[in-house]
Structure formats: C-alpha cells, structure tokens
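What follows is a short report on a single structure.
Every number in this text was worked out from the coordinates using simple rules, so none of it is lab data. Worth saying up front: this structure is predicted, and the values here are computed from it rather than measured. Positions of Cβ are generated from backbone atoms using ideal geometry, with glycine treated the same way; all protein chains shown enter the neighbour counts.
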Amino acid sequence: MALSFKVKAISRSKFLKNLSLSIIFLLSFLLILFSKSDYVIVNKFKSISNSYLHPITSFVAAPIKLASNIKSQISDFKNLKTENHILKEEIMRLKKWQTLAIQNTKENRVFKKLLNSTDNSLSLVKTASLISRNDFMYGKMININAGLKDGILNQMAVINHRGLLGRTIETSIETSKVMLLTDPNSSIAVKTIFNENFSLLQGADDGIHLVSIFKKGEQTPKIGDLVVTSGTAQIFPSDILVGKIVKASKDRYYVLPFVDFKNIEYVQVVESK
Amino acid sequence: MLTKLLSSQKTIYHIILFFSFSLTVNYFVELKIVNFIAYVLFHLTLIYFIFYFFHFTLYFIFFLYGVLFDIYLINNMGPHIISFLIFLTAFQFLKKFLLNFSSFKISYIIIIIVFIMFVIESFISRILYNYPINYNDLGLLFLISVLMFLPSLYMFSKIDKL
C-alpha cells in the first residue's frame, strides 16, 4: 500500500513538473509571437510590469543614481567658467537674432492674414520629466512621468527645447515609455530644409547618429544641411528640428541629432493642431 | 525567522540577482560602467546558481527575469527568455556529465557559458528585433566578465560557507 502510494506520488510530481515546464515553454513562445505581432495583451503586460516594478528597481538603484548625479554636477561645475564664456557670446548673438525675429513675426502675422492660411503649429499635450532611462545596450528608451491620465497616447511626438526626441510607444496610467530617435527600430520621415529632399531615418549602429534608410530622388543632401520632420508619416508633426547632416555618401547619409540625449530632464509631448 | 531566511545561501543569491537586475535596468549616464558590471554580475550569479543550486523552480524564476530583462532593455520579448531557458534546459540534460568536473573546471565552464550567453542574446536580438550587434559593448562585457570572474567566485564561495 505504502509502496504504491509512493510510486503514485512520484509519477504525479513528475507529471506536474513536465506540465508546468511545457506551460513555461509554451508561454515563452506565445509571448515572443505576440510581441512580434504587437498583440494588445503583451502591451498591457509591458505597461503593468513597467508601472509596478519600476518604483522598486528605482529604489534599489537610488544610491548609484545619486552618485551618478553628483558626478554629473561635478563635471558641470568644472566646465562652469568655459560655459559661462560661451553663453555670454551666445546671448550677444541671440539678441541680434531676437530683433530680427520680432520683425519677422510681425511680417508673418500680416502675411498669414493676407493669405488666410491655417496655423499648423504644435499643440502641447503635456510637459513631463524623465523618471528613468532604459538605453543600456539594446534599445534606446526613456520613461517619463506622464501617461494616459494626462492625455498621452501611443505614437505621439516627444520634443524638448533642442528638437525632436522620439515618440511614445507605451502608455500606462501614470507613466509613458518613449523610444528615442537613436533606437535602431525608430523610423522618422524627414526632409532637408535646403532643397526638401525627403527620406526616412533610423538610429545608426553607433547609437549616436541617425542614418538614412530610404531616399526619395537621386539627389544626395549636402553636409551641413538641416533636417526637419516632413510630417508625411503622420506620427510626427511637420517642421520639427531633427539634426544636421554630418556625413553623406552616394546611397546614405548620417545625421547628428540636435538633442543631447545624455542630458534629458524635461520633455514635451506634442501633437499637430 | 528573518535572520534564518537571510542566512540561507539561496536567499542571498536571490538578493544579488534582484540587486544586479535593478542596477542593470536603470541606466546611469555618468556611470555606465555600473550597468555593465551589474549585467555581468547577474549572468555570473545566474550560471553559478544553476550549477550549485539547481531546482525545478528556477525555470519560473529565470522565465520571469528573462521577461523583465526583455521588457526593460528591448521592449520586446525574446532574447533573454530564450537564452536563459536554453541554458537551464541544457544544464538539466548535461547535469550528470557537468557535475563530474572539478570545481576548478566548473568555474571555467561558468565564464565560457557567460560569454556564450552574451553572444546569443545579442544574436537573437539582432535576428528578432533588428538591434545591431554592438561589438564595443560586447567586448567591454567580456573584459568586465574576465576581471570580475575571480572576485565574484570568491564572493560566492564565501556565501556558500555561511
């Protein structure tokens, strides 16, 4: 009797082990499959894990974050004198531009009235601050402290004072994940300011530059040309500054983004008016 | 009760795993090296854990860590889950053969497995999600693994003696 009970218990536990192993492997397979096909369950799972686990991991990493901030402040302090000098020169230059800009704004207003044109400028959805970064090794993403409750949805453009930063790819109630321009999976429709060359850009392998993956027309843009969003893909509003062309060959060109991705503190989530 | 729980080796390894996971997924711009060290420590602990504390429940734990690593670092599922589960399954099949080696040989096997894991993770993320294999990062991971290998094993042996 005792022997038969033992045999049954062993076989049952083995059966349970095999069953749970099969479930794990099946679940892994399904998660990968759903992730590839952008299935809604996986997105829900991602946003839940992000919003619940993130505070715990941030708490654990808080001392290192503090050390990182102190190091950044020390290096800022070291460069204070040089930066001060550069800023003084910048102020002088900007004052000249300001006078010119005021004149142009007045002229623009008059021309717009004359042409009865519609204003396609951006409308601000929410200004948010950075809560954490996930741009280690593979993806280039950041988390911001604004989510569904602030009216943020997926695929909204994110900018800062320097230009385009990326787009929201995941939103939970309180936080959102932003895919930066430098991520190899990001894709932006752009045009050059100089001769309106339309092309598609994605993050380059070095994680710093953007590289063109598709170019409309045969013309190669020139080094130094400024690149702005074209608005054709309808994710990013048009005419947001992206970067400057730094390297160009026959079939592709490289763009250095204006945004300093190492120093992101506040961002604006925007949409077209 | 708490003292007893904390003095158990398994609990300490779990704390190390969670601590290194937390440091890896929070990117520090000015101290990027900390992220690399934490990532290497996680993998070294993971393999050591498989070798000396293998249990069926590790499948659940590693599945969970794989999913979380993929969500945080890639925002898609795949590379970490696959590599963690592959090595766990491979170990289960090769357990009898691998545990016959001396501890000296096992420690070398651990570092080789860690190297292979890094390559496999990069390779799968390239195939599945088009993330380029960054040879600089991979080289840095190898270098840090070599440098951290002996100190971490020393630390693990101290934990085992508790």
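Relative to the dominant Cα principal axis of chain A, helix A:40-78 is inclined by about 60°. Averaged over peptide B:125-132, the number of partner chain Cβ atoms lying within 10 Å of each residue's Cβ comes to 4. Per residue of peptide A:50-57, the mean number of Cβ atoms on other chains within 10 Å of the residue Cβ is 3. Pairs over the 24 Å Cα-Cα cut-off, from the set B:LYS10/B:LYS95; A:LYS177/A:LYS250; A:LYS191/A:LYS222: A:LYS177/A:LYS250. Work out the FRET efficiency for A:VAL246 and B:PHE56 from their Cβ-Cβ distance, taking R0 = 45 Å, and round it to the nearest 0.05. E(calc), rounded to 0.05, equals 0.25. Label positions at A:GLU265 and B:ILE159, each projected 7 Å from the Cα along the C-beta direction, are separated by 3.8 nm.
Listed peptides B:23-36, A:130-143 appear in the order A:130-143, B:23-36 once ranked by packing, highest mean of other Cβ atoms within 10 Å at the front. With the largest listed first and rounded to whole Å, the semi-axes of the equivalent ellipsoid of region B:1-82 from the Cα gyration tensor are 23, 17, 11. Relative to the longest principal axis of the Cα atoms of chain B, helix B:32-52 runs at roughly 40 degrees.
Could you pull out the pairs from A:LYS95/A:LYS126; A:LYS44/A:LYS149; A:LYS215/A:LYS247 whose alpha carbons sit more than 20 Å apart here? Flagged as over cut-off: A:LYS95/A:LYS126. Site pair B:ILE133 and A:PHE194 shows an inter-label distance of 3.7 nm when each label is modelled 7 Å from Cα along Cα→Cβ.
In order along region A:253-264, the phi-based Karplus estimate (6.51 cos²θ - 1.76 cosθ + 1.60, θ = phi - 60°) of 3J(HN,Hα) comes to 9, 10, 10, 9, x, 6, 6, 8, 5, 7, 10, 10 Hz; Gly and Pro are listed as x. Each of A:THR192, B:THR89 was scored by other Cβ atoms within 10 Å of its Cβ. Listed from fewest to most, they are B:THR89, A:THR192.
Cross-link partners for A:LYS78 among the lysines, with Cα-Cα distance under 23 Å and sequence neighbours closer than 8 places in the same chain left out: A:LYS65, A:LYS88, A:LYS262, B:LYS32. Applying D = kT/(6 pi eta Rh) to region B:2-160, where Rh is the Kirkwood radius over alpha-carbon pairs, T corresponds to 20 °C and eta to 1.002 mPa s, the Stokes-Einstein value obtained is 132 µm²/s. Across peptide B:77-85, the mean count of Cβ atoms from other chains lying within 10 Å of each residue's own Cβ comes to 4. Kirkwood analysis of the protein assembly as shown, using all unique Cα-Cα pairs, places the hydrodynamic radius at 24.7 Å. For the listed peptides A:157-167, A:238-248, a ranking on the average number of other beta carbons within 10 Å per residue, highest first, reads A:157-167, A:238-248.
Peptides B:39-46, A:41-48, A:211-218, B:92-99 ranked from most to least packed by the mean count of surrounding Cβ atoms within 10 Å: B:39-46, A:41-48, A:211-218, B:92-99. A Gaussian network model of chain A, with springs between Cα atoms under 10 Å, assigns the largest mean-square fluctuation among A:PHE194, A:PHE261, A:PHE15 to A:PHE15.
Placing +1 on each Lys and Arg Cβ and -1 on each Asp and Glu Cβ, with no other charges, gives chain B a dipole about its Cα centre of roughly 520 debye.
Converting phi to 3J(HN,Hα) with the Karplus coefficients 6.51, -1.76 and 1.60 and the offset θ = phi - 60°, region A:143-157 yields 10, 10, 8, 9, x, 4, 5, 9, x, 8, 10, 5, 6, 9, 6 Hz in sequence order, with x at every glycine or proline. The H on the amide N of A:ILE152, modeled in the peptide plane, is under 5 Å from the matching H of A:GLY147, each at least 5 residues off or on a different chain.
Adding -39500 (n - 2.57) for every DSSP H run of four residues or longer, then dividing by how many residues chain B holds, sets the calculated 222 nm ellipticity at -27000 deg cm²/dmol.
Label sites at A:LEU27 and A:LYS81, each approximated as a point 7 angstrom past Cα along Cα to Cβ, lie 6.0 nm apart. Helix B:9-25 and the long axis of chain B differ in direction by around 10°, with both axes built from C-alpha atoms. This ranking places A:SER176, B:SER122, A:SER51 by how few other beta-carbon atoms lie within 10 Å of each, fewest first, which gives A:SER51, B:SER122, A:SER176.
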